[in-house]
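The structure appears right after this line, and notes come after that.
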Amino acid sequence: MNRTYIITGSASGIGAATAELLTSRGERVIGIDLRGADIEADLSTPAGRTAAAAQAVELAGGSIDAVIACAGISAPIPLTVAVNYFGVTELLDALAPTLAKSAAPRAVVVSSMASLQANSPELVEALLSGDEELSLKIGQQLADEGPRSGYLNYPSSKRALSRWVRRESITPTWAGAGIPLNAVAPGTVISAMTTQLLATPEGREMVDSNVPMPLNYHSEAVVLARLLVWLASEENTHVTGQTIYADGGADATLRGDDIWS
Ligand code: NAD
């Protein structure tokens with residue numbers, strides 16, 4: 001029996017590779033993106049998220065087996081937290097009741113190895129409290145201080161997202177409804193998001209010093225797609241609340257062998 005998957009960010013990069021992989025396996029995919037998708041919606045706004053969720057349920061005929069949330073941006077502005085955090089968490093919350101009706105429901109989001117980087121603890125807390133107005137205000141203050149501070153919008157959005165996954169995964173909405181909820185954290189992936197950065201030797205050097213990848217170096221988007229597809233498959237029955245670093249060894253390099261004490 002085919003499963004129905006909702007994929008955000010389906011028009012490009014990791015989302016597009018995931019949609020392609022699932023489609024090639026005969027699964028049904030409903031994509032959400034700003035343009036070039038089954039559902040064209042702006043996940044940076046509450047109205048866009050509500051509309052996207054309603055259309056997804058309608059197009060799926062009320063039956064959704066998995067949600068894979070890939071849409072994201074890395075600009076040094078507050079729009080980044082709106083898309084990367086609320087564009088994921090609010091959409092998942094809106095789709096959870098429909099998802100719960102599936103025989104094997106799954107949810108996976110795309111975090112980043114940037115979840116390990118320096119961030120704004122104040123912004124992370126505001127995000128986790130669900131206060132979008134305050135989060136955007138803090139994000140704007142960071143942006144006003146210049147690009148270095150503005151960049152903190154990105155790692156803060158991903159740290160909060162990975163923490164949200166861990167916190168929510170064991171609640172009645174997710175574990176209680178039999179829904180594994182996980183995150184995948186890529187290192188450097190060759191996609192539209194990184195094209196410009198990786199185009200110059202200086203850009204590559206900057207990226208590689210922050211994201212060391214001793215195993216197989218930068219990855220193609222399909223590498224992440226394969227992991228997302230497994231986490232969203234019926235085979236995954238007990239992995240939940242995890243952020244799985246598919247990063248060529250960046251996490252192990254940066255954090256070392258003892259992350260438990
Ligand atoms: P990408 O730019 O190729 O794709 C991102 C997609 O998200 C695009 O199709 C874009 O239109 C969509 N999107 C952006 N804003 C949106 C909005 N407001 N509403 C709806 N859709 C929107 O980038 P990618 O590399 O495939 O990134 C996918 C995810 O992977 C992102 O969450 C990103 O943060 C994460 N990530 C990427 C890398 C990398 O090196 N590329 C590394 C770590 C994490």
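The values are calculated or read from the model by the stated rules, or taken from the named source; none is laboratory data. Not measured: the values here are computed from a predicted model. Quick reminder, even Gly has a Cβ in these numbers, built from the backbone with ideal geometry, and neighbours come from all protein chains shown. Surface areas here come from the heavy atoms of the whole protein model, side chains and all, with no ligands, DNA or RNA. Shrake-Rupley method; radii C 1.70, N 1.55, O 1.52, S 1.80 Å.
Only one of (1) touching a helix residue (DSSP H, G or I) at 6+ places or on another chain (Cβ under 8 Å); (2) assigned to a helix (DSSP H, G or I); (3) within 19 Å of Lys158 (Cα to Cα) is not met by Arg226, so which one is it?
(3)
Quick one: how many residues across region 153-187 are closer than 20 Å to Gln117 by Cβ and either open to solvent by less than 40 Å² (accessible area, probe 1.4 Å) or within 13 Å of the ligand (Cβ to nearest atom) (or both)?
17
Test of understanding: among Thr18, Thr45, which residue is within 17 Å of the chain's Cα centre (by Cα), within 20 Å of Thr240 (Cβ to Cβ) and among the hydroxyl-bearing types (Ser, Thr, Tyr)?
Result: Thr18 is the single residue among Thr18, Thr45 that is within 17 Å of the chain's Cα centre (by Cα), within 20 Å of Thr240 (Cβ to Cβ) and among the hydroxyl-bearing types (Ser, Thr, Tyr).
Here is a check on your reading of the model: is Pro76 within 16 Å of the ligand (Cβ to nearest atom) and open to solvent by 20 Å² or more (accessible area, probe 1.4 Å)?
yes
Within region 30-56, track down each residue that is more than 21 Å from Ala82 (Cα to Cα) and surrounded by 19 or more Cβ atoms within 10 Å (Cβ to Cβ).
Within region 30-56, Ile30 is the sole residue that qualifies.
Hey, can you tell me all the residues within region 188-204 that are open to solvent by 20 Å² or more (accessible area, probe 1.4 Å) and in a helix (DSSP H, G or I)?
Those that are open to solvent by 20 Å² or more (accessible area, probe 1.4 Å) and in a helix (DSSP H, G or I): Leu197, Leu198, Ala199, Pro201, Glu202, Arg204.
Name every residue in region 37-60 that is touching a residue at least 40 places away in the same chain (Cβ under 8 Å) and not in a helix (DSSP H, G or I), in order of residue number.
Leu43, Ser44, Ala60
When both residues are 6+ apart or on different chains and their Cβ atoms are under 7 Å apart, which pairs have a first residue that lies in region 6-17 and is open to solvent by less than 10 Å² (accessible area, probe 1.4 Å), and a second that is assigned to a helix (DSSP H, G or I) and more than 6 Å from the ligand (Cβ to nearest atom)?
From region 6-17, the pairs are Ile6/Ala56; Ile6/Leu95; Ile7/Thr18; Ile7/Ala19; Thr8/Leu91.
How about region 140-154: which of its residues are acidic (Asp, Glu) and part of a helix (DSSP H, G or I)? I'd like the intermediate steps shown before the answer.
Let us first name the residues in region 140-154 that are acidic (Asp, Glu), namely 144-145.
The one that is acidic (Asp, Glu) and part of a helix (DSSP H, G or I): Asp144.
Before we move on, is Thr89 open to solvent by less than 10 Å² (accessible area, probe 1.4 Å), part of a helix (DSSP H, G or I) and among the β-branched types (Val, Ile, Thr)?
Numbers: open to solvent by less than 10 Å² (accessible area, probe 1.4 Å): yes; part of a helix (DSSP H, G or I): yes; among the β-branched types (Val, Ile, Thr): yes.
Yes.
How many of the residues making up region 6-42 are among the basic types (Lys, Arg) and under 16 Å from Glu58 (Cβ atoms)? Steps first, please.
So the first thing to find is which residues in region 6-42 are among the basic types (Lys, Arg), and the list is 25, 28, 35.
Subset that is under 16 Å from Glu58 (Cβ atoms): 28.
Summing the residues that are among the basic types (Lys, Arg) and under 16 Å from Glu58 (Cβ atoms) in region 6-42 gives 1.
Just to be sure, is Val110 closer than 17 Å to Ser169 by Cα, touching a helix residue (DSSP H, G or I) at 6+ places or on another chain (Cβ under 7 Å) and at pLDDT 95 or above? Write out each step before concluding.
Working: closer than 17 Å to Ser169 by Cα: yes; touching a helix residue (DSSP H, G or I) at 6+ places or on another chain (Cβ under 7 Å): yes; at pLDDT 95 or above: yes.
Taking the combined requirement at face value, the residue satisfies it.
Just to verify a result, which residue in region 228-261, among those that are buried (at least 17 other Cβ atoms within 10 Å of the Cβ) and among the aliphatic types (A, V, I, L, M), is nearest to Thr23 (Cα to Cα)?
Applying the filter and picking the extreme gives Val229.
State yes or no: is Gly61 out of contact with any helix residue (DSSP H, G or I) (no Cβ under 6 Å at 6 or more places or on another chain) and either more than 10 Å from the ligand (Cβ to nearest atom) or on the phi > 0 side of the Ramachandran plot (or both)? Walk me through how you get there before you give the answer.
Numbers: out of contact with any helix residue (DSSP H, G or I) (no Cβ under 6 Å at 6 or more places or on another chain): yes; either more than 10 Å from the ligand (Cβ to nearest atom) or on the phi > 0 side of the Ramachandran plot (or both): yes.
Yes, satisfied.
So how many residues does region 111-135 have that are open to solvent by 30 Å² or more (accessible area, probe 1.4 Å) and not in a helix (DSSP H, G or I)?
Residues flagged as open to solvent by 30 Å² or more (accessible area, probe 1.4 Å) and not in a helix (DSSP H, G or I) within region 111-135 amount to 6.
Name every residue in region 214-227 that is without any contact (Cβ under 8 Å) to a residue 40 or more places away in the chain and either under 22 Å from the mean Cα position of the chain (by Cα) or open to solvent by less than 100 Å² (accessible area, probe 1.4 Å) (or both), in order of residue number.
Of the residues in region 214-227, the ones without any contact (Cβ under 8 Å) to a residue 40 or more places away in the chain are 214-219, 223.
The answer is Tyr217, His218, Ser219, Val223.
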